[in-house]
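Before any comments, here is the structure.
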Amino acid sequence: MKKIVLTGGGTAGHVTSNIAMIPELKKQGWEIHYIGTKDGIEQKLISKITDVSYHSVQSGKLRRYMDFKNITDPFRVIAGIGQSANLLRRLKPKMIFSKGGFVSVPVVLGGWLNRIPVIVHESDLTPGLANKIATRFAKVVCTTFPETVDYFASGKAVHTGAPIRRELFLGKADRGRRLCGFEGDKPVLLVMGGSQGAVAINNIIRALLTKLTRRFQIIHLCGKGNYDFLLEDYPGYKQFEYINEELPDILAAADIIVSRAGANSIFEFLALKKPALLVPLPLSASRGDQILNARSFERQGFSKVLEQESMTEDTLYDHIVDLYHNRDKYIQAMNESDASNGIERVLGLIKDHANE
């Protein structure tokens, strides 16, 4: 059976596109292996999937700022390259598909040393540091945003869009409402901050509960360790640290969404035609990729944007209410978009390069 290695991790966003690919790869007869770190979120997410073999290697985070670990982590990356090269030599896959994140660097380099073709997928509008390194050793780079193609040498990148999990389209709003114990016709506001949650958003949403629950029922994906037991029985408010299998139903139940601006999430909102208020990670906590993602969606009329530096109880409340009142405008813009599920395009590239 032909083998493929998937890699990517560090955050859920670097894993979800790979998860979207797995059922389709199985249908095409691929034996799937995943290489990540021992304790990363990729291990937790992939270990739940049957018929996927998980392998761990060392890696180190690639930082753009001063940190003592900048001295030690390069040695971890070097060790990970050796581990990946040996592992790949044993597995003998026909293809490596990398979604990015620091764990992908040693895997891609290990593949290059073994002359295994690599395809890299870049989610954000501008390439991250890990992918800037990895793409030098890749056959082709798939991009989520059309603008991203211009960041690479001519002929190196192809705009494919984002692979979207097919199960997201199967959600039922009534199941989502029942899961949360919601009744009646009051609209549903979904608040989410990525796999780690977003403390800044969490705090203001909770400060606004009295005001918001007069207009909305609220589903709050608050992130691990951010559950507030004092609000467990608050009427019209349901919180989860993290949700997986029920996510399609939760998204189906949502009328509008407040979210960070990770590329995978916002393209899922686009695919599902969900108006969103995007609060991108600020420059103080990121390289600015979410700001660019959010502004691209704002220009196209898909989403409304509120910078975290401008977020107060008043501005967040006003932006949420405005988003809901104008939701039809955002839905119309999304309906007119030619963005589609990128799975088929990515699968075609994998097939082409695996046959070389």
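The values are calculated or read from the model by the stated rules, or taken from the named source; none is laboratory data. Keep in mind it's a predicted model, so treat the numbers as computed, not measured. In this analysis, Cβ positions are derived from the backbone assuming ideal geometry, glycine residues included, and neighbour counts consider all displayed protein chains.
The C-beta contact set for the stretch 17-38 (first residue at positive phi, second residue among the aliphatic types (A, V, I, L, M), distance under 9 angstrom, 6+ apart or interchain) comprises GLY29/MET1.
A quick yes/no check of all residues on (1) outside any helix (DSSP H, G or I); (2) surrounded by fewer than 17 Cβ atoms within 10 Å (Cβ to Cβ); (3) touching a Ser or Thr at 6+ places or on another chain (Cβ under 6 Å); (4) without any contact (Cβ under 8 Å) to a residue 60 or more places away in the chain:
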| position | (1), (2), (3), (4) |
| --- | --- |
| VAL321 | no, yes, no, no |
| TYR324 | no, yes, no, no |
| ALA339 | yes, no, no, no |
| ARG345 | no, yes, yes, no |
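Pairing residues of the stretch 285-314 that are assigned to a helix (DSSP H, G or I) with residues that are hydroxyl-bearing (Ser, Thr, Tyr), at Cβ distances under 7 Å and at least 6 apart in sequence or on separate chains, gives ASP289/THR126; LEU292/THR126; ALA294/SER303; PHE297/SER303.
Scanning the stretch 125-160 for residues that are assigned to a loop (DSSP other than H, G, I, E, B) and either over 18 Å from the mean Cα position of the chain (by Cα) or within 15 Å of SER98 (Cα to Cα) (or both) returns PRO127, GLY128, ALA138, LYS139, THR144, PHE152, ALA153, SER154, GLY155, LYS156, THR160. Residues of the stretch 237-268 that are over 22 Å from LEU281 (Cα atoms), out of contact with any strand residue (DSSP E or B) (no Cβ under 8 Å at 6 or more places or on another chain) and of a type outside the set (A, V, I, L, M): ASN244, GLU245, GLU246, PRO248, ASP249. Within the stretch 326-337, restricting attention to residues that are in a helix (DSSP H, G or I) and of a type outside the set (A, V, I, L, M, F, W, C), the residue that is nearest to THR143 (Cα to Cα) is ASN335.
Residue check: LEU306 meets all listed conditions (1) among the hydrophobic types (A, V, I, L, M, F, W, C); (2) out of contact with any Asp or Glu (no Cβ under 8 Å at 6 or more places or on another chain); (3) modelled with pLDDT under 95 but one, namely (3). Among the conditions (1) buried (at least 22 other Cβ atoms within 10 Å of the Cβ); (2) more than 30 Å from LEU129 (Cα to Cα); (3) within 19 Å of the chain's Cα centre (by Cα), the only one that LYS273 does not satisfy is (1).
Do we have GLN43 as of a type outside the set (A, V, I, L, M, F, W, C), in contact (Cβ under 8 Å) with a residue 60 or more places away in the chain and assigned by TED's automatic domain parsing to the domain that holds VAL77 here? No: the conditions fail for GLN43.
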